[in-house]
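As structure tokens, the structure follows; a few thoughts come after it.
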Amino acid sequence: MMPFPGGPEALPNGTLLLSVVAAVLYLFMTGREPSWRRTLAKTASTALLAVLAFLVGGPVLLVVALALSAAGDAFLAHEGEPAFMAGLGSFLAAHLAYIVLFAQSGAGLAALAAEPWRLAAALLMLAFSVVMFRQLRPVLPPGLLAPVAVYVAAILGMGVFALTLPSWVVIAGAVLFMASDAILAAGRFLIAETSPRQAIVRPAVWILYYLAQVAITLGFLLG
């Protein structure tokens, strides 16, 4: 059963299926050296979600956040500090777009106090973010300390504002996004390049990240 009217041949369903195919292709390329095929598969996965959101008349900020995420994917498909900083900036902008979208669509921060589980989840997100940054701080290059601090604050804000929404799917997507970024940071700064654990970092980051974007996208488009 397709999530949108019509079968696989319907444009929205076909766009979603192409996104999934691209994501699966990239999953098998995560351990390879950078190449145009690898970059294309990674970027297309999220870019097609942005196209899907546009096709079905989703919120403009959703389209913007997905497009910025696709740009971040393109940058992070390459190695090196400039690509990492460009990717960080793109995803920072994407998180800010998500924060505004969630703030506009949710019940406001008062919703956290109205339901204890939401407040408890927000406090857990805060604690997790603080602990993660404290782990990263000693190993971060001086030039990355402020950008990473701002990024951690932004993704925390994205997660907290997701908790003000009625959609469990979007909330799950925000949690998966935070988990993906945490593993990415650990793999880059806390786990040695020669560690056997690096073999699972990239696939884990990609699976959690892509599921997060799909959950947020479908949570808004179908909710």
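Does at least one position in the range 93-112 carry a residue that is under 17 Å from Thr15 (Cβ atoms), of a type outside the set (Asp, Glu), open to solvent by less than 10 Å² (accessible area, probe 1.4 Å) and without any contact (Cβ under 8 Å) to a residue 60 or more places away in the chain?
Initially, the range 93-112 is screened for residues under 17 Å from Thr15 (Cβ atoms), giving none.
Within the range 93-112, none of the residues are under 17 Å from Thr15 (Cβ atoms), of a type outside the set (Asp, Glu), open to solvent by less than 10 Å² (accessible area, probe 1.4 Å) and without any contact (Cβ under 8 Å) to a residue 60 or more places away in the chain.
Only one of these conditions is not met by Asn13: (1) loosely packed, with under 15 Cβ neighbours inside 10 Å; (2) in contact with a Phe, Trp or Tyr (Cβ under 9 Å, 6 or more places away or on another chain). Which number is it?
Tallying (1) loosely packed, with under 15 Cβ neighbours inside 10 Å; (2) in contact with a Phe, Trp or Tyr (Cβ under 9 Å, 6 or more places away or on another chain), Asn13 fails exactly one: (1).
Is at least one residue of the range 133-147 part of a helix (DSSP H, G or I), under 19 Å from Ala174 (Cα atoms), modelled with pLDDT of 95 or more and open to solvent by 80 Å² or more (accessible area, probe 1.4 Å)?
So in the range 133-147, the residues part of a helix (DSSP H, G or I) come out as 133-139, 142-147.
Filter once more, so that each one left must be under 19 Å from Ala174 (Cα atoms): 133.
Then drop every residue that is not modelled with pLDDT of 95 or more, which leaves 133.
Then keep just the ones that are open to solvent by 80 Å² or more (accessible area, probe 1.4 Å); that gives none.
No: the range 133-147 contains no residue that is part of a helix (DSSP H, G or I), under 19 Å from Ala174 (Cα atoms), modelled with pLDDT of 95 or more and open to solvent by 80 Å² or more (accessible area, probe 1.4 Å).
Can you tell me which residues in the range 191-223 are polar (S, T, N, Q) and either under 23 Å from Phe102 (Cβ atoms) or open to solvent by 80 Å² or more (accessible area, probe 1.4 Å) (or both)?
As a first pass, look at the range 191-223 and keep what is polar (S, T, N, Q): 194-195, 198, 213, 217.
Thr194, Gln213, Thr217, listed by residue number.
Can you tell me which residues in the range 148-176 are part of a helix (DSSP H, G or I) and of a type in the set (Ser, Thr, Tyr)? Please lay out each step first, then the result.
Within the range 148-176, the first condition is being part of a helix (DSSP H, G or I), and the residues that meet it are 148-162, 168-176.
If the condition is that a residue be part of a helix (DSSP H, G or I) and of a type in the set (Ser, Thr, Tyr), then Tyr151 is the only one that fits.
Does Phe84 qualify as being aromatic (Phe, Trp, Tyr) and open to solvent by less than 50 Å² (accessible area, probe 1.4 Å)? Lay out the reasoning, then the answer.
Details: aromatic (Phe, Trp, Tyr): yes; open to solvent by less than 50 Å² (accessible area, probe 1.4 Å): yes.
Yes: the conditions hold for Phe84.
Could you say which residue among Ser69, Ser45, Ser19, Ser35 is of a type in the set (S, T, N, Q) and modelled with pLDDT under 95? Reasoning before the result, please.
Values: Ser69 fails: modelled with pLDDT under 95; Ser45 fails: modelled with pLDDT under 95; Ser19 fails: modelled with pLDDT under 95.
Result of the check over Ser69, Ser45, Ser19, Ser35: Ser35.
Criterion first (assigned to a helix (DSSP H, G or I), over 18 Å from Ala67 (Cβ atoms) and modelled with pLDDT under 95) does Gly108 satisfy it? Walk me through it before giving the result.
Numbers: assigned to a helix (DSSP H, G or I): no; over 18 Å from Ala67 (Cβ atoms): yes; modelled with pLDDT under 95: yes.
Answer is no for this residue.
Any chance the range 40-53 includes a residue that's in contact with an Asp or Glu (Cβ under 8 Å, 6 or more places away or on another chain) and of a type in the set (Val, Ile, Thr)?
Looking for residues that are in contact with an Asp or Glu (Cβ under 8 Å, 6 or more places away or on another chain) and of a type in the set (Val, Ile, Thr), one finds at least one in the range 40-53, hence yes.
For residues that are aromatic (Phe, Trp, Tyr) and either in contact with a strand residue (DSSP E or B) (Cβ under 8 Å, 6 or more places away or on another chain) or surrounded by 20 or more Cβ atoms within 10 Å (Cβ to Cβ) (or both), tally how many sit in the range 148-173. Before you say what the answer is, go through the steps one by one.
Keep residues of the range 148-173 that are aromatic (Phe, Trp, Tyr), which gives 151, 161, 168.
When the remaining residues are screened for being either in contact with a strand residue (DSSP E or B) (Cβ under 8 Å, 6 or more places away or on another chain) or surrounded by 20 or more Cβ atoms within 10 Å (Cβ to Cβ) (or both), the result is 161.
Matching residues across the range 148-173 total 1.
Identify all residues within the range 21-72 that are open to solvent by 60 Å² or more (accessible area, probe 1.4 Å), free of Cβ contacts under 8 Å to residues at least 24 places away in the same chain and more than 24 Å from Leu96 (Cα to Cα); write none if there are none.
Within the range 21-72, Val21, Val24, Leu25, Phe28, Arg32, Glu33, Trp36, Arg37, Leu40 meet the criteria.
The values are calculated or read from the model by the stated rules, or taken from the named source; none is laboratory data. A quick note: this is a predicted structure, and the numbers were derived from the prediction, not measured. Glycine also receives a Cβ, built like all others from the backbone with ideal geometry; neighbour counts cover every protein chain displayed. To get the accessible areas, we keep the full protein, side chains included, count just its heavy atoms, and leave off ligands, DNA and RNA. Shrake-Rupley method; radii C 1.70, N 1.55, O 1.52, S 1.80 Å.
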